[in-house]
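Structure, as structure tokens:
The values are calculated or read from the model by the stated rules, or taken from the named source; none is laboratory data. Predicted model only: the values in this text are computed from it and were never measured. Because the Cβ atoms are built from the backbone with ideal geometry, glycine has one as well, and the counts that use them run over all protein chains shown. These accessible areas exclude ligands, DNA and RNA; they are computed on the full protein's heavy atoms, side chains included. Shrake-Rupley method; radii C 1.70, N 1.55, O 1.52, S 1.80 Å.
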Amino acid sequence: MTAQTPSQAKIAVVTGAGSGIGRLSALALLDAGWAVTLVGRRRSALEESLSLSKESAGSICAADITDEATVDTLFEQVFEAHGRLDLLFNNAGIFSGSVPFEQTDASEWRRMIDVNLTGAFLCARSAFRLMKRQAPSGGRIINNGSISAHVPRPRAAAYTASKHAITGL
């Protein structure tokens, strides 16, 4: 596919774009001519992701997706820069390791739920608001889950619960 001019490009936001599936998805979208905002916690990892693309229609945003104001600002900046959003790939997530259920620390539980579920909710809500008000309205939101939602990971109650909830979201 040939790259599109910025005014013709589809606009995407990819969370968790600093590594793994998020990085590869952002690169595939960039190479297909999309204008992509790569979102993640670590600016250096996002810069590395963007440097791997042959295309220049990408931008980075180091952000904490568990912070409501930060997420709202991120999507407003996307709207100001592009006038629309066609795709949110809600991919950011963490896995804190394997621990017996009875030893699961409540603060680790909350951290996992905050990142994997609340962060996805906040991003989806902001994207939905933006997609609803743009002309023409609409777009796609992909919430990346895990096989753990259907085949629970042993010793990973918080992760499994968060990915179960993503299926419902």
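Quick rundown of the values:
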| read-out | value |
| --- | --- |
| Pairs, first within 21 Å of Thr167 (Cβ to Cβ) and in contact (Cβ under 8 Å) with a residue 24 or more places away in the chain in region 102-123, second assigned to a helix (DSSP H, G or I) and open to solvent by 80 Å² or more (accessible area, probe 1.4 Å), C-beta under 7 Å, six or more apart | Leu122/Glu68 |
| Conditions (1) modelled with pLDDT of 95 or more; (2) under 17 Å from Gln77 (Cα atoms); number of the one not met by Leu24 | (2) |
| Matching entry among Lys132, Lys163 (being assigned to a helix (DSSP H, G or I) and open to solvent by 30 Å² or more (accessible area, probe 1.4 Å)) | Lys132 |
| Tally, over region 74-107, of residues that are surrounded by fewer than 15 Cβ atoms within 10 Å (Cβ to Cβ) and either within 11 Å of Ala158 (Cβ to Cβ) or of a type in the set (Gly, Ala, Ser) (or both) | 9 |
| Residue within region 17-24 that is in contact (Cβ under 8 Å) with a residue 60 or more places away in the chain, closer than 23 Å to Leu117 by Cβ and open to solvent by 70 Å² or more (accessible area, probe 1.4 Å) present | yes |
| Scope region 36-69; condition surrounded by 24 or more Cβ atoms within 10 Å (Cβ to Cβ) and in a strand (DSSP E or B); matching residues | Val36, Thr37, Leu38, Val39, Gly40 |
| Some residue of region 90-102 being assigned to a strand (DSSP E or B) and under 20 Å from Asn144 (Cβ atoms) | yes |
